[in-house]
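Read-outs throughout are calculated quantities, based only on the coordinates presented, and are distinct from any laboratory measurement. What you are looking at is a predicted structure, and each value in this text was computed from that prediction instead of being measured. Positions of Cβ are generated from backbone atoms using ideal geometry, with glycine treated the same way; all protein chains shown enter the neighbour counts.
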Amino acid sequence: MMDVQKLFSLDGRVALVTGGSRGIGKMFVEGLLSAGCARVYISARKVEQMEETINEFGADKVIGIPADLSQMDGIEHLASEMAKREDKLDILINNAGAAWGQDYLEFSEAGWHRTMDLNVKTPFFLTQKLHDLLVAAAKGDHAAKVIHVSSIDGLRINPWETYPYQASKAAVIQLTKRMAARLIKDNIICTSIAPGAFASEMNKAAKNAPDASAALIPSKRIGTPEDMAAAAIYLASRAGDYVVGTTIPVDGGVVNATLPAIFNDPTA
């Protein structure tokens, strides 16, 4: 008979969550620890926020490494620090990201570059720099896991003028597929989670006006930390070993269960 607890267990595993000090990243951290991870490393630019998260969960379980992952030297620094501290890495969640909104006619090159670099370049090169640690974890029936965080805005457009954000998140979804095809050769499984409305600094609408956001969601609520943690635990554990290159929307049905407006208007 199946051992469901073992199927979803992360006992003893070592994980890294970029941007893990707040928002969705912090939800991942809590979930991974609850599922049994021995240690979860987090990276962030703001040391104070990182220390708050470490103090909340315990310095014996959560280890912080300050890094600006929008720059290649920050990526290399984080990978180097991980190699100094661990001889393997079971789970990498590429969560750090940026958004930039600006009028189309005024949109800046700086906003474009920062968003595209952090959202697309960083997941690729950080995974590349951590490849040896991931391979070291991927032994026998135990697969290492790489989970990119994309967005439902890579699956459908939103009303805001966040051009590089939406383009970058669509790119992450395609990048996940291509990286999955390469990494599976080394028993590293690459997937992606596409969050919908969760309360975070990046999604101020859901954070500041959850009821208004919920009204636009088929499930009639915004996401909870448990919703986000569950998706990560599934993909990171043995339960998700046969899910390769896939992006899972965790959005209450926004992408796949929202009827076009014309169907909601009986007079149309």
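To the nearest 20 debye, what is the magnitude of the charge dipole of the range 4-252 about its Cα centre, counting +1 on the Cβ of each Lys and Arg and -1 on the Cβ of each Asp and Glu? Each step should come with its number before you reach the end.
Values: 27 positive and 29 negative charges, 134 e Å.
Using only the charged Cβ atoms, the result is roughly 640 debye.
Any chance you could give the angle, 0 to 90 degrees and rounded to 10, that helix 163-183 forms with the longest Cα principal axis of the chain?
That helix lies at roughly 40 degrees to the long axis.
Work out the charge dipole of the range 4-252 with +1 on the Cβ of Lys and Arg and -1 on the Cβ of Asp and Glu about the Cα centre, then indicate which of Gln5, Ser70, Ala232 is farthest towards its positive end.
Value computed over the given set: Gln5.
Taking the alpha-carbon centroid of each part, what is the distance from the range 4-63 to the range 212-254 in angstrom?
Taking the Cα centre of each part, the range 4-63 and the range 212-254 sit 18 Å apart.
How big is Rg to Rh over the range 54-186, alpha-carbon atoms, Rh as the Kirkwood inverse-mean-distance radius?
Working: Rg = 16.4 Å, Rh = 16.2 Å.
Ratio value, two decimals: 1.02.
So which residue, out of Arg85, Arg238, Arg13, gets the largest mean-square fluctuation from a GNM of the chain using Cα contacts under 10 Å as springs?
Largest GNM mean-square fluctuation: Arg85.
Packing-wise, with mean Cβ within 10 Å as the measure, how do 136-143, 19-26, 115-122 rank, highest first?
The most tightly packed comes first, giving 19-26, 115-122, 136-143.
For Rg/Rh (Cα atoms, Kirkwood Rh), pick the label among (i) 1.20; (ii) 0.97; (iii) 1.08 that corresponds to the value derived from the coordinates.
(ii)
Cα axis of helix 23-34 to longest principal axis of the chain: angle in degrees, 0 to 90, nearest 10?
With both axes taken from Cα atoms, the answer is about 40 degrees.
Among Asp11, Asp251, Asp211, whose mean-square fluctuation peaks in a Gaussian network model of the chain (Cα, cutoff 10 Å)?
It is Asp211.
Determine the calculated [θ] at 222 nm for the chain from helices alone, applying -39500 (n - 2.57) to every DSSP H run no shorter than 4 residues and normalising by the residue count; nearest 500 deg cm²/dmol.
Value at 222 nm, helices only: -12000 deg cm²/dmol.
Excluding residues on the same chain fewer than 8 positions from Lys185, give the lysines whose Cα lies under 21 Å from its Cα.
Partners found: Lys88, Lys129, Lys139, Lys145, Lys177.
Name the residues of the range 20-59 whose amide N is less than 18 Å from a point 7 angstrom out from the Cα of Arg238 along the C-beta direction?
35-38
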